[in-house]
Amino acid sequence: MTPYEIVPEGPLQRALNLADRLNWSLGGAFLWLSNLCLLAMLALTAATIVLRPLSLAQYWMWPWTMVFFIWLSFFGFFALYARLKDVRVDFVAGLFGPRGMAITRIVSDAATLFVTGILLSQLPMVIDTSRGVYNGAILPDGFELPRLALSIPLFVSTALIALNALLDLAKMAAGLPENLAESHPEI
């Protein structure tokens, strides 16, 4: 069940459902960003394979391939979570009935907030230590990509995942159902 299938009752549920729909759409946008990074990475790798024997491969291709790989992973971090493609154990919680599902929902959101809190607490240190440039990732103006640019997608995704967990707890308190994946291959 996606946020678009839920019929909210009352202003609070409507507001939460609207936020959930926005979150769902943002997850789709991050999925597209991940796919674009993958496409760029594959194009650069293919170009390198074809051009290297001809001595035409550019030095900057490999570093940009690595940048796109890092960004793919970090954009995908939120996309997988928001679109419910992460590892889920609903079939185990379902054995304990509605209470088991509710408890695992709370525990899952609490664990998510704990982990994202730890990651976000590292942001000041990452900013302080991300000096310089990523060697070889040359920008159109001739400068190299600042090293900090590698971490920005991670912290944006982490913050969005934390907001997603808070939103789910608010939805639970307001009586809205949890979003569920379209399929569970483990069942």
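Considering the chain as a Gaussian network with a 10 Å cut-off on Cα pairs, which listed residue, L31, L44, L56, attains the greatest mean-square fluctuation?
Checking each option, the largest mean-square fluctuation is seen for L56.
Give me the angle, in degrees from 0 to 90, between the Cα long axis of helix 10-51 and the longest principal axis of the Cα atoms of the chain, rounded to the nearest 10.
Helix 10-51 sits at roughly 30 degrees to that axis.
Sum up the charges of everything whose Cβ sits under 10 Å from the Cβ of D168, counting Lys and Arg as +1 and Asp and Glu as -1, but leave D168 out. Walk me through the numbers before you get to the answer.
Values: positive: R105, K171; negative: D20, D109, E178.
Surrounding charge for D168 is -1.
Quick check for you: which residues of segment 1-31 have the amide N under 14 Å from the point 7 Å beyond the Cα of K85 toward its beta carbon?
25-31
Give the residue list of chymotrypsin sites (Phe, Trp or Tyr not before Pro) in segment 53-122 that are DSSP loop and have at most 10 other beta-carbon atoms within 10 angstrom.
Details: sites: Y59, W60, W64, F68, F69, W71, F74, F75, F77, F78, Y81, F91, F96, F114; in loops: Y59, W60.
Passing sites in segment 53-122 are Y59.
Wrap a convex hull around the Cα atoms of segment 96-187, take a quarter of its surface area, and give that in square nanometres.
9.5 nm²
Relative contact order for the chain: what is it in percent, counting Cα pairs under 8 Å that are at least 6 residues apart? Display every interim value, and only then the final one.
On the way: 189 pairs, mean separation 56.0, N = 187.
The value is 30 percent.
Restrict the search to segment 69-135; then list the trypsin sites (Lys or Arg not before Pro) that DSSP places in a loop and that have at most 12 other Cβ atoms within 10 Å of their Cβ.
Working: sites: R83, K85, R88, R99, R105, R131; in loops: R83, K85, R88, R131.
Loop-located and lightly packed - R131.
Please report the projected area of the chain's Cα convex hull averaged over all directions, in nm².
The Cα convex hull of the chain, projected and averaged over all directions, gives 13.7 nm².
Toward the positive end of the charge dipole of the chain, about the Cα centre and with charges on Cβ (Lys, Arg +1; Asp, Glu -1), which of C37, L180, V50 goes farthest?
Looking along the dipole axis, the top candidate is V50.
Tell me the label-point distance for the pair L56, V115, using the 7 Å Cα-to-Cβ offset, in nm and rounded to one decimal.
Between L56 and V115, the label points sit 4.5 nm apart.
Rounded to the nearest 500, what is the chain's calculated 222 nm mean residue ellipticity when only DSSP H runs of at least 4 contribute -39500 (n - 2.57) each, over all residues?
So the helix-based figure for the chain works out to -22500 deg cm²/dmol.
Can you list residues whose amide H is under 5 Å from A137's amide H, if they're 5+ apart or on another chain and H is modeled 1.01 Å from N?
L145
How big is the gap, in Å, between the Cα center of segment 10-80 and the Cα center of segment 96-133?
So the two Cα centres are separated by 22 Å.
Just so you know, all these numbers are worked out from the coordinates, no wet-lab data involved. From a predicted model like this one, the values you see are computed outputs, not experimental measurements. All Cβ positions, even for glycine, are placed from backbone atoms using ideal geometry, and neighbour counts span all protein chains on display.
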